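Here's the structure we're looking at; comments come further down.
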Amino acid sequence: MHSAKKPKKVGSWQAVGAVLAHCRKQARLTQEQFAEMASIHVDTVRSIEQGRLALQPDRAEQFDELLGTGGVLAVLVEKMPVRERIVQFAQGLVDHEQEAVSILSYEAQVVPGLLQTRDYCRAVFDYRHPAIQSETAEQWVNARMERQLVWQRDRPPVGHFILEESILRRQVGGPEVMREQIRQILEYTEPVHMGFQIMPMDRTPHCGLAGPMLLLETPEYERLAYLEAHRASILVDDPDEVSDYHHKYGMLRSQALSPDESVRLLNGLLGES
């Protein structure tokens, strides 16, 4: 069966917003006056106070200074769990991703979030349509960078990634952003618990033409499949169905370039081979 997505915890950012509103009122400031002091649009203040927009760490520090609240807002934001900083439709994934013992990913459109550089990630969000507010985009970028801390755990998960070659040739953010992104991928190929393969553009047909997938294994040895398209996502936990995705992933590994061939291709793209 398909698991229903877990709802967002009620009240987390609303609580932060309520504290901000209380502090602002204690300072005898209207939303308009406070927005002018902070050099932001009044709609941004309203969105944060209503819990519709997360308060970012640098913004929290600025608000603390303006309101003389002694760092209260910054502490609140610092203590927010990673999942609360993720766009709502992806939270089911993050819950499992942060404790996974293995992560297998096949991607056909963009570099997976767990491998992205900050500049590449920001460029991906900048290309979204309809456009999103710059403050919201920065919030999502920061959250994605925090997700990558999973690789710095004392016992990091086993990670394996298969990327379509076209992803690495698409100039997301421009040539220098892509060069830095490729350098970072090369760094991720070095640890013994990480694997990386490229599906060459001339390797058609292959068994991944139906789209990207992410396969996770939990500490309880439960295997899950996560599928996403645009703003729709689904978490699959039926053992038979997840097994089919694992078989497909195994076939993709056999059809892609070997790890050594993939590294040579990456170096070639950098002009270093």
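None of the figures in this text is laboratory data; all of them are computed from the coordinates on show. All of these numbers come straight from a predicted model, not from anything done at the bench. Here Cβ is always computed from backbone atoms with ideal geometry, including for glycine, and neighbour counts include all displayed protein chains.
What to note about this one:
- Cut-off 10 Å between beta-carbons: net charge of the residues surrounding residue 214, Lys and Arg +1, Asp and Glu -1: -3
- Annotation: amide H of residue 103 within the under-5 Å range of 158, 159, 160, sequence separation 5 or more or interchain, hydrogens built in the peptide plane.
- For the chain, calculated [θ]222 nm from helices alone, where every DSSP H run of n ≥ 4 adds -39500 (n - 2.57): -14000 deg cm²/dmol
- Share, in percent, of DSSP beta bridges within region 84-269 that are antiparallel, nearest 5: 55 percent
- Karplus-derived 3J(HN,Hα), 6.51/-1.76/1.60, for each residue of region 61-66, Hz, glycine and proline x: 5, 4, 5, 4, 5, 5
- FRET efficiency, residue 240 to residue 30 (Cβ-Cβ, R0 35 Å, nearest 0.05): 0.05
- By other beta-carbon atoms within 10 Å, ranking 202, 64 with the fewest at the front produces 202, 64.
- Shape call, region 84-269: gyration tensor on alpha carbons, a/c limit 1.5: rounded
- Mean-square fluctuations from a GNM of the chain, with a 10 angstrom spring cutoff on Cα atoms, peak among 244, 154, 58 at 154.
- Inter-part distance where region 163-203 and region 233-273 are each reduced to a Cα centre, Å: 12 Å
- Residue with peak Gaussian network fluctuation, the chain [Cα springs, cutoff 10 Å], from 248, 79, 25: 79
- Environment charge at residue 65 (Cβ cut-off 15 Å; Lys +1, Arg +1, Asp -1, Glu -1): -1
- With Cα atoms, 0 to 90° folded angle of helix 175-188 axis to the chain main axis: 70 degrees
- Per residue, the average separation of C-alpha pairs within less than 8 Å and at least 6 apart gives region 14-69 a relative contact order of 42 percent.
- Spin-label pair residue 52-residue 221: with each label point 7 Å from Cα along the Cα-Cβ axis, the two points sit 4.8 nm from one another.
- The string of couplings for region 26-43 from the Karplus curve (6.51, -1.76, 1.60, θ = phi - 60°) is 4, 7, 6, 10, 7, 4, 5, 5, 5, 4, 5, 4, 8, 6, 10, 6, 4, 5 Hz, one whole number per residue in order, with x for Gly and Pro.
- Summing charges over all other residues whose Cβ lies under 12 Å from the Cβ of residue 18, with Lys and Arg as +1 and Asp and Glu as -1, gives +1.
- Using θ = phi - 60° and Karplus 6.51 cos²θ - 1.76 cosθ + 1.60, couplings along region 140-153 (whole Hz; Gly, Pro as x): 5, 4, 4, 5, 5, 5, 5, 4, 5, 5, 4, 6, 9, 4
- Packing around the peptides 259-269, 111-121, taken as the average count of other Cβ atoms within 10 Å per residue, puts them in this order, highest first: 111-121, 259-269.
- Label reach from residue 207 (point 7 Å along Cα→C-beta): in region 233-252, amide nitrogens under 15 Å belong to 241-252.
- Using alpha-carbon coordinates, inclination of helix 259-269 to the longest axis of the chain, degrees: 60 degrees
- Per-pair calculated FRET efficiency, R0 = 35 Å: residue 131 and residue 247 via Cβ, rounded to 0.05: 0.30
- Rg/Rg_globular for region 200-273, with Rg_globular taken as 2.2 N^0.38 Å and Rg from C-alpha atoms: 1.36
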